[in-house]
Each structure stands twice: as C-alpha cells, then as structure tokens.
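Report on one structure; see the data block that follows.
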Amino acid sequence: MRVLAQCCLLAALALTPTSCLLYAPTTLGAPALAGMKEFTLAPAEDYWTDEKIAVVPIEGTIGSRRSVANLKEQLDAIAEDDEVKAVILRINSPGGGVTASDQMHQELLDFKRRTQLPMIAAMTDVAASGGYYVAVAADEIMAHPTTVTGSIGVIAEMVSLEGLFDMAGLQQRTFTSGPHKDMGSPFRPMTDEERALFQHIIDSHYERFLAVVDEGRSGLDRDAVRTLADGRIYTAEQARDSGLIDSIGYLEDAVEWAREAAGIPDAEVVTWRVGWGFRSNIYGASTEQLEPLAERSALVDLGLDRLLPEPGVHFLYMWKP
C-alpha cells in the first residue's frame, strides 16, 4: 500500500503545473482528535519495502483503566494494518494491579489469535511481577543484559492507624451490616479470621499467576514455576538459566528476531501513539475533553491524586519493596 501511495503522489506531482500551489489545511493549534497515530522509529533499508514491525510500549505501573484501553486501541490499530508482520512488546514495568495485568495479558492473547502475528517481549529496565505476567503472552521473551525480572507473586498492603488514634485520643465509630464489612479497616486490629480471608484471596491470585506462567512458558511445568515464584527478582542471566526468558539481547536483536519470525528480509519499525485521549472501547470512553488550550494551561496540577493512596485494599502483581 505504501508503494502504491508513493507512486500516486509522484504521478500527481508530475501532473501538477508549476504555477499551482498544493494546499493542505492545518489545525491552527486545535488539539488532535482521539485515536492512534503511526510514527516511524526506524526506516527500512529498502525504501520500497512495505512490511512493518510494530513496537507496543508497556511502561510504568499497570493499574488504570486508561492504560488497558490504550493498549487495546494500539492492538486494534495494528490488527487493521496488513503491512504489519510482527510485534515487539517493549516492556519497562514493575507490574501493578491484578486485574489490569490480567486484562492486558488477555488482550495480547486475543490479538495473537486474531492476527497470527509473531510476538516478542523485549524487556528493558524492569519487567517484574505484572510486567512479567504480560510478557508471557509473547512467543519469545528477550531481556536486556541489565534487566530485572521475576517477582512472581501477589502483594496487598494495609495501613494501621490504631496507635496514632490512641495517641491523639481519637475514636472511629463504624456501623456495618456484618462482622467483615469493614475488613481491613486501618482503625481497628485485624482478627485471625480476617487474616485467613485475605490470605485466601492472595493465594487465589497467586495460583492464577502460576497458571499463566505455566501456560506461557512451555519449558516450565507448574512445580518448576512454583519453585521460582517466591517473589524474588532475577537478573537476566538467572531468568534465562531458569527458563523464565528465552534470551538476552538488545532491542536491535528483538527486531532481528521479529524479521526472521515473520520471514521478511527488511521492515520499517513503527509504533502507534495515542492522540488527544483514546477512542472508546470495551474498557471505557475517553475522559479527555476538547477544552480550549488556554483554559487547560491555567490549571495547576499538584499531583495529589498520585501521591495519596486510594482508599481500600489493593491486590497487586507488583514488585513493591
């Protein structure tokens, strides 16, 4: 398609009188509409090559509905492009929410079933816990020589304010419909029964993590995965030797693997980035508003929503020392 478009453009230029001006309207500063835009990361060596290798970045904490929606939109854009012949997941994440990690993993599996495109996970700084959970959806896992990975397990943290309230002479009065409705409250001691209930949830999420790794890593059985899954992190060499990853290399090596897996001699390396918001999909609608830029610039973002933890107990596939 790109070759055809280039030929058409050259023909149009050849037929255009020199006195004519080719006009392309601009947005005059208006924000771009929601959706994905393709960017070239590395051109093909052969100018006339149509084939592409798509890079899908998965970076930072996995946790928001928006991050899962953005991933789905990227995958949908790639699936609609017949020129894409392979996919590289570029992962730099310590993991995050149990549900968001699982949703991303499932979206990647669905994408592979739909497209049959070869996929390699290329780990960079960190691909731990939920970051590794996502990586095992790929056909091949490659780590940078300095990557930290592993941390297979589940964590949930709670704050206890009992001592602080006692010092301040404060009391918390709570009315519930049942004895466990306020389970995990920071204002009172946790009972043994509640500890057991929380541990059951942790164990359930842990077993799901083991099953995902067992399914994604054909060279490891469930017992081998369980031995490795005590929460510790691994170097790239340790992960390769234990079977958690396939190889160690750089992003250029991942591109070479993608070319060979797709059976193509050359390819343009591209990525898709979200424009102003994202298109609505099953994970939600865009929350971005097309408000005037002047009004947006007048807002001061203190970042308090990122500094203060959300209330409640959160179960995480996350390396969180």
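Structure data summary
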| item | result |
| --- | --- |
| Odd one out for K85 among (1) over 30 Å from W48 (Cα atoms); (2) among the charged types (D, E, K, R); (3) assigned to a strand (DSSP E or B) | (1) |
| Check on T271, modelled with pLDDT under 95 and in a loop (DSSP other than H, G, I, E, B) | no |
| Qualifying residue in segment 136-143 (condition: within 19 Å of the chain's Cα centre (by Cα), at pLDDT 95 or above, under 28 Å from A262 (Cβ atoms) and among the β-branched types (V, I, T)) | yes |
| Segment 76-102, residues that are under 17 Å from I141 (Cα atoms) and not small (G, A, S) | V87, I88, L89, R90, I91, N92, P94 |
| Within segment 153-261, helices (runs of 4 or more DSSP H) holding 2 or more residues that are of a type in the set (V, I, T) | 192-216, 222-228 |
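The rows are residues; the columns are (1) over 29 Å from G95 (Cα atoms); (2) surrounded by 14 or more Cβ atoms within 10 Å (Cβ to Cβ).
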{"residue": "L161", "(1), (2)": "no, yes"}
{"residue": "R173", "(1), (2)": "yes, no"}
{"residue": "M183", "(1), (2)": "no, yes"}
{"residue": "S204", "(1), (2)": "no, no"}
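One line per residue, one yes/no per condition, for (1) touching a residue at least 40 places away in the same chain (Cβ under 8 Å); (2) surrounded by fewer than 24 Cβ atoms within 10 Å (Cβ to Cβ); (3) in a loop (DSSP other than H, G, I, E, B):
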| residue | (1), (2), (3) |
| --- | --- |
| K72 | yes, yes, no |
| I91 | yes, no, no |
| G96 | yes, no, no |
| Q106 | no, yes, no |
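The values are calculated or read from the model by the stated rules, or taken from the named source; none is laboratory data. Just so it is clear, the model here is predicted, and its values are computed rather than measured. When we count neighbours, we look across all protein chains shown, and the Cβ atoms used for this are built from the backbone with ideal geometry, even at glycine.
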